[in-house]
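Heads up: the structure comes next, in structure tokens.
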Amino acid sequence: MIRIIGVSLIASASLLFGCGGAQPEATTEATPAAQPEAGTQAEDGEAQADRGAKLYAEHCASCHGASGEGDKAPAVVGKSALPLDPPTTAKGRTMQFKTALDVAQFVVKNMPPDKPGSLSESEYWDILAFDLKANGVDVAGKKIDATTAAQINLH
């Protein structure tokens with residue numbers, strides 16, 4: 001089970017924003033390009049999640065499944081989503097996902113696989129808010145950004 005700020009969840013926050021081919025190599029060091037900055041459009045997590053649902057459908061669902069259940073790429077919603085350690089079958093993921101910020105850093109650097117980092121900062125945060133909400137995290141009244149994502153413990 002994954003724990004996010006004291007709330008037991010089946011799955012974690014995930015930002016897996018799209019898939020179009022093989023997973024690129026990931027590194028464990030965060031660089032400015034690998035860490036999204038706080039978005040400016042989002043007034044709170046609910047509004048972000050609403051926008052993120054549309055963005056997820058456009059950029060992520062073709063690989064991660066319409067509901068995040070996994071398809072050509074790993075699940076982003078549900079009990080098998082984003083374990084702490086990379087699965088032995090994971091391509092490109094070498095780092096642990098301890099917080100939602102860890103996921104954000106990996107995703108910005110690696111997703112979508114054919115154009116990593118191609119979404120805007122606010123789009124990445126909106127999709128994270130959507131994924132958090134889909135996994136049962138109460139995002140109401142919280143702006144999902146680097147500060148809040150760092151405080152969301154996945155394991």
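For the stretch 47-105, the number of Lys pairs separated by eight or more positions or lying on different chains, with C-alpha atoms closer than 20 Å, is 4.
What order do you get for 66-78, 117-129, 48-60 when each peptide is scored by the mean count of other beta carbon atoms within 10 Å, highest first? Walk me through the numbers on the way to the answer.
Details: 66-78: 18.7, 117-129: 23.7, 48-60: 20.8.
With the highest mean Cβ count within 10 Å placed first, the list reads 117-129, 48-60, 66-78.
Around the amide H of Thr99, modelled in the peptide plane, lie the amide H atoms of Leu154, all under 5 Å away and 5 or more residues distant in sequence or on another chain.
In nm², what is the average projected area of the convex hull enclosing the Cα atoms of the stretch 33-140? All intermediate terms of the calculation are to be shown ahead of the outcome.
Working: hull surface 25.2 nm².
Average of the hull's projected areas for the stretch 33-140 equals 6.3 nm².
Less than 5 angstrom separates the built amide H of Lys142 from those of Gly45, Glu46, all sequence-distant by 5 or more or on a different chain. With both labels modelled 7 Å from their Cα along Cα-to-Cβ, the Lys115 to Lys79 distance reads 3.8 nm. Once you reduce the stretch 41-89 and the stretch 115-155 to the center of their Cα atoms, the two points are 10 Å from each other.
Read-outs throughout are calculated quantities, based only on the coordinates presented, and are distinct from any laboratory measurement. Source: prediction; values computed, not measured. Cβ: placed from backbone, ideal geometry, glycine included. Neighbour counts: every protein chain shown.
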